[in-house]
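I have placed the structure first, in the form of structure tokens, so that the comments after it can refer back to it.
The values are calculated or read from the model by the stated rules, or taken from the named source; none is laboratory data. The structure presented is a predicted model; accordingly, all values stated were derived computationally and were not measured. Using ideal geometry, Cβ is built from the backbone for each residue, glycine included, and neighbour counts are taken over all protein chains shown.
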Amino acid sequence: MNAPTRVSHLLTSDEIEHYHEHGYVIPRWRLPADLLARMRADLDALFEANQGVSRDSMFCPHIVKGGTQGLSGSNAWLDYARIPEMLDLVAQVIGPDFLLWGTTVFGKPAGTGKRVPWHQDGEYWPIRPLATCSAWIALDDATPENGCLRFIPGSHKQRRLRAHTQKDSPDLVLNQELNADEYDEAEAIDLVLEAGQFSLHDVYLVHGSEPNRSTKRRAGYVCRYMPTTSHFDHDFGSTLQKRGGNQVDFSGRALWQMRGKDVCGRNNFTVGH
Ligand SMILES: O=C(O)CCC(=O)C(=O)O
């Protein structure tokens, strides 16, 4: 009898091309059921341990203590940012040398979820040259009804930050909104994912998500990886926050080398640890 053929978890060349052409990809590989079950149990524990923090956006659960929002996190979330197969795919799109600089749980509770305004991630982040691949892991099924992510394919291609306006509103999860003349919502696609699937998206991609008007939660865990050819500038991070545009203080943010080495030689791996 022939041994079963093992299907590779790696991105095909078409999928890599899709990422570069459209700014995102949904890999064929997905989280095994037991891993997903553990993540969902840890999500319940995270909510339980942080009852005073909005579930809409919980920053850096991978940092045990002292993260933004005073969140009580756990090392489990750091392990989930180190899923070897996922890192292999990240390496395929941003190269072999990269670090993890952030994670967020976007919990989007049933019925009450807020809107994530259209934005480019790069607007918020002190990384130069600007570069990051975000792995957004669906912990629940994500559909248009419960407010799945929406992407504008190809909007990353000019590699420029478009004009945003600061909007501090209780109905919004983030506070930088892309100006209406900077994108055409008619071009948007819904990122429909089953729990355990994930997407990879580029730092310049225009995206957002609608409120959750359904009876089903739509939680996602996103991990931010940047190639170490770029510099995570902690000093610039504090300037960004003082300017008022950022809800998060990046000046003390811990960095973790995930693969390879620090190519630019300027990333500080002692801050925040
Ligand atoms: O989960 C969401 O709806 C928003 C996520 C997002 O904006 C991001 O991961 O960059």
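In table form, for the structure just shown:
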quantity	calculated
Among (1) within 30 Å of Gly265 (Cβ to Cβ); (2) surrounded by fewer than 22 Cβ atoms within 10 Å (Cβ to Cβ); (3) among the charged types (D, E, K, R); (4) touching a Gly at 6+ places or on another chain (Cβ under 9 Å), the one test that Asp202 misses	(2)
Tally of residues being surrounded by fewer than 22 Cβ atoms within 10 Å (Cβ to Cβ) and in contact (Cβ under 8 Å) with a residue 40 or more places away in the chain across segment 67-79	2
Segments classed as strands (runs of 3 or more DSSP E), wholly inside segment 106-188, with at least 3 members that are under 21 Å from Val25 (Cα atoms)	116-120, 133-138, 149-152
Among (1) more than 16 Å from the ligand (Cβ to nearest atom); (2) farther than 21 Å from Gly113 by Cα; (3) assigned to a loop (DSSP other than H, G, I, E, B) - the single one Met258 does not satisfy	(3)
Extreme residue, nearest to the chain's Cα centre (by Cα), among residues of segment 165-185 that are under 18 Å from Gly154 (Cβ atoms) and surrounded by 12 or more Cβ atoms within 10 Å (Cβ to Cβ)	Leu178
Complete set of residues in segment 2-48 that are touching a residue at least 40 places away in the same chain (Cβ under 8 Å) and among the hydroxyl-bearing types (Ser, Thr, Tyr)	Tyr19, Tyr24
Those residues of segment 84-115 which are modelled with pLDDT under 95 and of a type in the set (Val, Ile, Thr), in sequence order	Thr112
Leading residue by the ranking (nearest to the ligand (Cβ to nearest atom)) among those in segment 83-105 that are touching a Phe, Trp or Tyr at 6+ places or on another chain (Cβ under 8 Å) and not in a helix (DSSP H, G or I)	Thr104
Tabulated pairs, segment 129-149, first farther than 20 Å from Ser57 by Cβ and modelled with pLDDT of 95 or more, second of a type in the set (A, V, I, L, M, F, W, C) and part of a strand (DSSP E or B), C-beta under 6 angstrom, 6+ apart or interchain	Ala131/Met226
Flag if Gly260 is under 21 Å from Ile26 (Cβ atoms) and among the small types (Gly, Ala, Ser)	no
